[in-house]
Amino acid sequence: MAPPVSLVDLVSSLPSTEGWGPPATKETMLDGVPYAPYSKGDKLGRMADWTEGKDRDRGGRQPYGGRNYRDQQQYGANPQNNPFAIQAAEEEASFSVVDNTRTSARTRGFGRGGGTIFRGRGQRGGQSSRGGRGTFQRVGGRGQQSGYDNRSSRGGRGGRRFGWRDDKPQRNRDPSVTVKPDWEVKEEIDFARLTKLNLETDQGEDLDAYGFLYYYDRAYDKQPGAKSSERKLNVLERAAYNVTTTSDPIIQELADKDEATIFTTDNILSMLMCAPRSVYSWDLVFIKQGSKIFIDKREGSALDMVTVNENAADAPLEMSEGNKDTMNSPSALMMEATHINNVFPLQVVIESQSSKRDMPNEHPFYNASEETDPPASKAYKYRRFDLSLERDEEPMHLVVRTELDAVVKNNISGDDQFMVVKALNEFDNKAQGSGGALDWRSKLASQRGAVVATEMKNNSCKLARWTVQSILAKADMMKLGFVSRANPKNNNDHVILGVLGYKPRDFAAQMNLNLANGWGIVRTICDMCLKMGDGKYVLVKDPNKPILRLYSVPDNTFEEEAAEIETVQEDEHEE
């Protein structure tokens, strides 16, 4: 019997000294494919994982051994050094599963699945008028419809929580102007692109000033919100004017002198600069004549109507949408707010012929031989802004007619300070559409900041436009009056609860209002028109989407409607 052989002797007796396995080689390429070592511990993952999105959307925790964990175990412990390690997570990051499951309308709160966003826009209309030199203007008019932007979403587990507004249907609104079949769409711009524009400009220069201003009555600044400071809002008969761009004789003179490329008014320009904040539909008219552009508004435009709670999450409802309260419908509220803003600036000034601030030139629109009412306190300053870029061969300037409402003496220096006077109005803080506003009579004195913050939220577009107009006019102060109904059930009688003053640029900072973005929007839209041929163009805000559309329209567009409105106004004036 042979003696047992040890394992060491057996290995040493083998003919090969290279060890087990294939012969060693220094080649690392096999037909162009790099060689990768293989290990028994390596695990192959799934080709497609349809469970990752569902787990993540539900807001739950990622379980141990889930997708992310499996990807780390594929092809060795260190995938960075492995040439076969494919970054599947990055390639599939843009892929998602769409859940088309229909949820019940009664479901509230913590539903599963993705969110749904409802956006609504409303028809807004009204009557306004314009006139040339010496034409009487009846300020105010009747509004038609308005609406709100209702945004809602259903959050999943671990997501955001939303309330009862999720169940509201989408509000389909009508445009501010009827788009006719012969209108041709030239450009379409969404608000997301508008908010990224930016153009730094100077503070502008004064070209000329017209009219006069009365001094502001400081008695209205005492103890806002106190019972002793309440005053009845009176209606004063004064000749006020709302002259649009192409009807302004001063703008025509400046255009003939080639003072600028773009001509407009502060009311129109502020709407364009604050376009991303708007909810309701609106429209502007662009008239290109050679190298000049006139930004105008059509007859009957609702641009002059003052909106109420336009940006509120739960804005006033129209009568057709189930609102049984006629006086709190959007159209009635706009008429009420417009009336208040027409008469309020007249009441807070001291009318004295011996103590007033006269501009270098007389009133451009008032004709004493034809008017029966005295002119309202108003100064018109024509100012020019430089919108040029470094790449421009020729400079681009904009001339805008700005308006000032009053003047006040500085307590320290004694210099005159110009101001713009506007009014916020309260209709009923318990009614639908109030936007969660506080009771001004009880909160204006003690919680002034909360009252103003709520108005900034519910009327973001309106306040932004007023601020822009104040900055364009280079006003030293912006006065905001707080006017409320004497009785919530009566929209004819109002009381002034108080007046607050703000520096326009400080107020713009509080509202997160970027003027450079507004100038960028103006320059971009005007560049589009300058590249097109001479003619008339209409910029329309989509009633249901945050989109602007620029249409090319026939030259005689809106002329027939303007003639009809002028005829009606002449008949009313004769009566």
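Of all residues in the stretch 302-341, those satisfying the criterion of being in a loop (DSSP other than H, G, I, E, B) and either without any contact (Cβ under 8 Å) to a residue 40 or more places away in the chain or over 19 Å from the mean Cα position of the chain (by Cα) (or both) are L317, E318, G322, N323, K324, D325, S329. Filtered by the rule that a residue be surrounded by fewer than 16 Cβ atoms within 10 Å (Cβ to Cβ) and touching a strand residue (DSSP E or B) at 6+ places or on another chain (Cβ under 9 Å), the stretch 502-514 gives K503, Q510.
Tallying residues that are hydrophobic (A, V, I, L, M, F, W, C), more than 19 Å from T245 (Cα to Cα) and surrounded by 20 or more Cβ atoms within 10 Å (Cβ to Cβ) within the stretch 360-386 yields 1.
For (1) hydroxyl-bearing (S, T, Y); (2) part of a loop (DSSP other than H, G, I, E, B), each residue gets a yes or a no:
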site: Y382; (1), (2): yes, no
site: S388; (1), (2): yes, yes
site: E394; (1), (2): no, yes
site: V400; (1), (2): no, no
site: V408; (1), (2): no, no
site: I412; (1), (2): no, yes
site: M419; (1), (2): no, no
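Please find, within the stretch 208-231, the residue that is farthest from N411 (Cα to Cα) out of those that are of a type in the set (S, T, N, Q) and surrounded by fewer than 18 Cβ atoms within 10 Å (Cβ to Cβ). Per the criteria, the residue is S228. A count restricted to the stretch 427-474 and to residues that are acidic (D, E), more than 24 Å from the chain's Cα centre (by Cα) and closer than 17 Å to L500 by Cα stands at 1.
Considering the stretch 496-555 alone, what residues qualify as being free of Cβ contacts under 8 Å to residues at least 60 places away in the same chain and either outside the structural domain of K232 (by TED's automatic domain parsing) or under 22 Å from E299 (Cα atoms) (or both)? Matches in the stretch 496-555: D555 only. Consider the stretch 310-331 and keep the residues that are buried (at least 18 other Cβ atoms within 10 Å of the Cβ), among the hydrophobic types (A, V, I, L, M, F, W, C) and within 21 Å of M456 (Cβ to Cβ). The one that is modelled with the lowest pLDDT is A315.
Is it fair to say S270 is in contact with a helix residue (DSSP H, G or I) (Cβ under 6 Å, 6 or more places away or on another chain), crowded, with 17+ Cβ neighbours inside 10 Å and within 18 Å of K381 (Cβ to Cβ)? Yes: the conditions hold for S270.
Is there a residue in the stretch 549-570 that is touching a Leu at 6+ places or on another chain (Cβ under 6 Å) and either at pLDDT 95 or above or not basic (K, R) (or both)?
Yes; the residues of the stretch 549-570 include at least one that is touching a Leu at 6+ places or on another chain (Cβ under 6 Å) and either at pLDDT 95 or above or not basic (K, R) (or both).
If you go through the stretch 172-192 and keep only what is modelled with pLDDT under 90 and either in contact with a helix residue (DSSP H, G or I) (Cβ under 7 Å, 6 or more places away or on another chain) or at positive phi (or both), you end up with just S176.
Quick grid of which residues meet (1) buried (at least 23 other Cβ atoms within 10 Å of the Cβ); (2) free of Cβ contacts under 8 Å to residues at least 24 places away in the same chain; (3) β-branched (V, I, T):
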{"residue": "V400", "(1), (2), (3)": "yes, no, yes"}
{"residue": "L404", "(1), (2), (3)": "yes, no, no"}
{"residue": "I412", "(1), (2), (3)": "no, yes, yes"}
{"residue": "T454", "(1), (2), (3)": "no, yes, yes"}
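Highlighted here are the helices (runs of 4 or more DSSP H) found entirely within the stretch 175-293 that include at least 3 residues which are under 30 Å from V483 (Cβ atoms): 266-273. Taken as a whole, the condition of being in the same structural domain as Y220 (by TED's automatic domain parsing) and more than 30 Å from L213 (Cα to Cα) does not apply to A406.
Residues in the stretch 456-500 that are among the hydroxyl-bearing types (S, T, Y) and either touching a His at 6+ places or on another chain (Cβ under 7 Å) or surrounded by fewer than 24 Cβ atoms within 10 Å (Cβ to Cβ) (or both): S460, S484.
Scanning the stretch 342-359 for residues that are part of a loop (DSSP other than H, G, I, E, B) and surrounded by 14 or more Cβ atoms within 10 Å (Cβ to Cβ) yields V348, E351, M359.
The values are calculated or read from the model by the stated rules, or taken from the named source; none is laboratory data. Since the model is a prediction, treat every value here as computed from it, not as a measurement. Neighbour counts run over all protein chains shown; Cβ positions are idealised from the backbone, glycine included.
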